[in-house]
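Nothing in this text is a laboratory measurement; each read-out follows from the coordinates by a stated rule. Everything numeric here is computed off the predicted structure, so don't read it as measured data. As a convention, Cβ positions derive from the backbone with ideal geometry for all residues, glycine included, and neighbour counts pool all protein chains shown.
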Amino acid sequence: MTPSVVFGVTLYNNARHLPEALDSLLAQTDQDFGVVLVDDASADATPDVAARFLRDPRIRYLRHAVRQGMVPTWRDAFAQAVAAFPSARYFAWASDHDWWHPDWLARVRATLDAQPGAVLAYA
């Protein structure tokens, strides 16, 4: 699988909202993406919830053995995303509580593609 977009998703003790967040991300109309979930040693059911989504071949899951904190986990999510999907042209941050409009990726990608000099798009 060589998607052109990869989402780096940070997870920490938010199992309650994670299913809705991942369902909305996976429901994008533009399906050309991969997802790397990085769990910062959650103490709740986050690993179990994430495991239910691993049947989707676009998703990778990594778990810190010891809590690293927010910024190191963001950095790790980016590094792991680049390593897992090195040919991806675009990267997007996501979180375990985000809800994504189904056309978010299609619209952002169209905007970036139309402006080759752009390095960032933010909705």
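Could you please find all residues in the stretch 50-98 being over 14 Å from residue 10 (Cα atoms) and touching a helix residue (DSSP H, G or I) at 6+ places or on another chain (Cβ under 6 Å)?
53
Among the numbered conditions (1) within 27 Å of residue 107 (Cα to Cα); (2) touching a residue at least 24 places away in the same chain (Cβ under 8 Å), tell me where residue 41 comes up short.
(1)
Return the pairs, sorted by first residue and then second, in which the second residue is surrounded by 10 or more Cβ atoms within 10 Å (Cβ to Cβ) and among the polar types (S, T, N, Q), the first residue lies in the stretch 108-123 and is without any contact (Cβ under 8 Å) to a residue 12 or more places away in the chain, the beta carbons are less than 8 Å apart, and the residues are 6+ apart or on different chains.
118/111
Return the total of residues in the stretch 34-62 being under 19 Å from residue 97 (Cβ atoms) and under 11 Å from the mean Cα position of the chain (by Cα).
Of the residues in that region, 6 qualify.
In the stretch 52-93, what count of residues is obtained for those that are among the hydrophobic types (A, V, I, L, M, F, W, C), in contact with a Ser or Thr (Cβ under 9 Å, 6 or more places away or on another chain) and within 13 Å of residue 41 (Cβ to Cβ)? Don't jump to the end; show me each part of the working.
Pass one, the stretch 52-93, residues among the hydrophobic types (A, V, I, L, M, F, W, C): 53-54, 59, 62, 65-66, 70-71, 74, 77-79, 81-85, 88, 91-93.
Among the residues that remain, those that are also in contact with a Ser or Thr (Cβ under 9 Å, 6 or more places away or on another chain) are: 70, 74, 77, 85, 88, 93.
The next check asks that each one be within 13 Å of residue 41 (Cβ to Cβ); those that pass are 70.
Qualifying residue count for the region: 1.
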